[in-house]
Amino acid sequence: MSMKRRDFLAAGLALNFSSIAIARAQQGGATPDRAGRAAGDGGGGDGRGRGATPTRSAKTTRMFKSPGLYPNALAVMTDGPGGLWIGQQKVTPQNAPTYNLPLDPDRDEMAWLVDWNGKLLKSVQTHSRNTSGMAYGDGCVWMGANTDPYGIFQVDMNGKQITHRQIPLGIDGGGGGTHGVKWHDGKLWIAALRLGGILRVDPKTWVPEVLIRVSSEERPRLHDVAFDDEGDIWVVTGNNSTSYAGGRAGLNKYDGKTGQLLMTVELQPGSCDPHGLVWHDGRLVSCDAGIHPGWKGMESPHTGYIFSIELV
């Protein structure tokens, strides 16, 4: 299939704009390292000055259990009646034997709306698969599929699928997997595994606008993203591990205006295993899916819980 000239130019402009955005997000065009830091980055009490990027410790506190297994995505309901959206991630035919968990014959996955005490308010069925990340915006849930057919599923409140599109910038049209999706100021932010960072996309035109590099050698796992009240960006990170005991989950905090890395956070041993992430009432809230690559199924003692994250 040949590409029309205007399509080729549009793709080239999108790629060029993303490249410029990456550079500008790293302190005026300085070359970033693998952790997303620009030369001269970090320092100060909040990481906005010079010096080493500060590191903090955090603990987790259980809030309530998800309406069902396995919760791997969160989004704040910004319309009435309010509450918290929880995205379900089912095991796949490929990973069910590894986790030693049963395969559900119904492959569709749910978006559950609950109040902040965990009471179920609404359920929306979606065609997403192995959901890992969701957003709410423009009257729809946006579900990130982490296995075939991949992509982002836009679904309205009646369960009608509005769009299904691949993560942009795939040379062959395939976008690969995702571990997070968020709606912020009318834009969609996607934790794109193939790109190793969080990608801002216009949800109407599907043109990519900004990429912030997150994945690093020390913390190769990239998960969900959230925006705090100041507009700064929090991203779940972690190491590659073969057990709950060996997991080292954490967070990166970025300046929402420049993309500069402000802080890294390490979760205390014994914490819940973070997957989805939102900001609500001045704190971070996450979910423990109970399925984690390299671990046994439901190995985390906090499987299925929604929990808060507090810096200590």
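The values are calculated or read from the model by the stated rules, or taken from the named source; none is laboratory data. Bear in mind that the values here come from a model prediction, so they are computed numbers and not experimental data. With ideal geometry, Cβ positions are generated from the backbone for all residues, glycine too; neighbour counts draw on all protein chains shown. These area figures cover heavy atoms from the full protein model, side chains too; ligands, DNA and RNA do not enter into them. Shrake-Rupley method; radii C 1.70, N 1.55, O 1.52, S 1.80 Å.
In the stretch 263-284 there is no residue matching the filter, namely being farther than 25 Å from residue 177 by Cα, in a strand (DSSP E or B) and open to solvent by less than 10 Å² (accessible area, probe 1.4 Å).
Okay, residues lined up against (1) aromatic (Phe, Trp, Tyr); (2) at pLDDT 95 or above; (3) part of a strand (DSSP E or B):
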| residue | (1), (2), (3) |
| --- | --- |
| 134 | no, yes, yes |
| 152 | no, yes, yes |
| 174 | no, no, no |
| 189 | yes, yes, yes |
| 203 | no, yes, no |
| 209 | no, yes, yes |
| 217 | no, no, no |
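Here residue 234 meets the list (1) over 14 Å from the mean Cα position of the chain (by Cα); (2) open to solvent by less than 30 Å² (accessible area, probe 1.4 Å); (3) over 21 Å from residue 94 (Cβ atoms); (4) not polar (S, T, N, Q) almost entirely, failing just condition (1). Does residue 288 meet the test of being in contact (Cβ under 8 Å) with a residue 60 or more places away in the chain, touching a Phe, Trp or Tyr at 6+ places or on another chain (Cβ under 8 Å), under 22 Å from residue 56 (Cβ atoms) and among the acidic types (Asp, Glu)? So residue 288 fits the description; yes.
Quick check on the stretch 71-83. Is at least one of its residues of a type outside the set (Val, Ile, Thr), farther than 23 Å from residue 308 by Cβ, open to solvent by less than 20 Å² (accessible area, probe 1.4 Å) and in a strand (DSSP E or B)? No; the residues of the stretch 71-83 include none that is of a type outside the set (Val, Ile, Thr), farther than 23 Å from residue 308 by Cβ, open to solvent by less than 20 Å² (accessible area, probe 1.4 Å) and in a strand (DSSP E or B). The residues on offer are 120, 101, and the sole one that is more than 20 Å from the chain's Cα centre (by Cα), open to solvent by 60 Å² or more (accessible area, probe 1.4 Å) and at pLDDT 95 or above is 120.
Of the candidates 58, 111, 38, the single residue that is open to solvent by less than 70 Å² (accessible area, probe 1.4 Å) and modelled with pLDDT under 95 is 38.
Out of all the residues in the stretch 175-206, which are open to solvent by less than 10 Å² (accessible area, probe 1.4 Å), over 14 Å from residue 222 (Cα atoms) and hydrophobic (A, V, I, L, M, F, W, C)? The answer is 188, 201.
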